[in-house]
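The values are calculated or read from the model by the stated rules, or taken from the named source; none is laboratory data. Since this is a predicted model, take the numbers as computed values, not measurements. Here Cβ is always computed from backbone atoms with ideal geometry, including for glycine, and neighbour counts include all displayed protein chains. Surface accessibility is based on the protein's heavy atoms, side chains included, excluding ligands, DNA and RNA. Shrake-Rupley method; radii C 1.70, N 1.55, O 1.52, S 1.80 Å.
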Amino acid sequence: MIREYTTSDTDALIGIWDKANALAHPFLATDFVAFVKDAMRDTYLPNAETWVLEDDGNPIGFIAMIGNEIGGLFLDPDHHGRGHGRAMVDHVVGIKGPLRVEVFKENNVGRPFYERYGFEFVEEFLHEPSGAMTFKMSMPGAASA
């Protein structure tokens, strides 16, 4: 089941983010990860349009949107490979149409997922806060920012 985020989901989603982030972003500096974790709780989750994926009433993943851009897509690694990530993107595409995303070049979990889904490379740039290279990707027909 996919439903809208409520503030009571915050701790569970931060836990999912912790596990998924460690798997997808091992190249990020510890201080940057700590900064993002605080921002998840204080800024990102409260201000994004966030959808929560549940299994037996428990959150197992979420997708956070800013307009038609995926601000974050995180799934508990114990649930990878079962179509849950695709289901969350499908849900949002059904509401918003073609999407855009920025993904770290070294993210060997997320980047291949977006490529398999049909997102296409737009440009590469330096994500200055982290010092890591990032790819901008979009689905065909996605509106630009």
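Can we say Asn58 is in contact with a helix residue (DSSP H, G or I) (Cβ under 8 Å, 6 or more places away or on another chain), within 21 Å of His80 (Cα to Cα) and loosely packed, with under 12 Cβ neighbours inside 10 Å? Yes; evaluated as a whole, the condition is true for this residue. Consider the range 45-61 and keep the residues that are assigned to a loop (DSSP other than H, G, I, E, B) and not acidic (Asp, Glu). The one that is nearest to Arg111 (Cα to Cα) is Ala48. Does Phe121 meet the test of being free of Cβ contacts under 8 Å to residues at least 12 places away in the same chain, among the aromatic types (Phe, Trp, Tyr) and touching an Asp or Glu at 6+ places or on another chain (Cβ under 9 Å)? The answer is no for Phe121. Taken over the range 1-44, the criterion of being open to solvent by less than 50 Å² (accessible area, probe 1.4 Å), within 18 Å of Lys105 (Cβ to Cβ) and assigned to a helix (DSSP H, G or I) is satisfied by Ala20, Asn21, Ala24, Phe32, Val33, Val36.
Every residue, every condition in (1) open to solvent by less than 40 Å² (accessible area, probe 1.4 Å); (2) closer than 23 Å to Ile2 by Cα; (3) β-branched (Val, Ile, Thr); (4) in a loop (DSSP other than H, G, I, E, B), yes or no:
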residue	(1), (2), (3), (4)
Gly81	no, yes, no, yes
Arg86	no, yes, no, no
Ile95	no, yes, yes, no
Val101	yes, yes, yes, no
Asn107	yes, no, no, yes
Arg111	no, yes, no, no
Val122	no, no, yes, no
Ser130	yes, no, no, yes
Met137	yes, no, no, no
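Entry remark, the range 16-43: residues being of a type in the set (Gly, Ala, Ser) and free of Cβ contacts under 8 Å to residues at least 40 places away in the same chain number 3 in total. Among the residues of the range 62-75, is there at least one that is more than 14 Å from the chain's Cα centre (by Cα), at pLDDT 95 or above, more than 20 Å from Lys136 (Cα to Cα) and not in a loop (DSSP other than H, G, I, E, B)? No, the conditions are met nowhere in the range 62-75.
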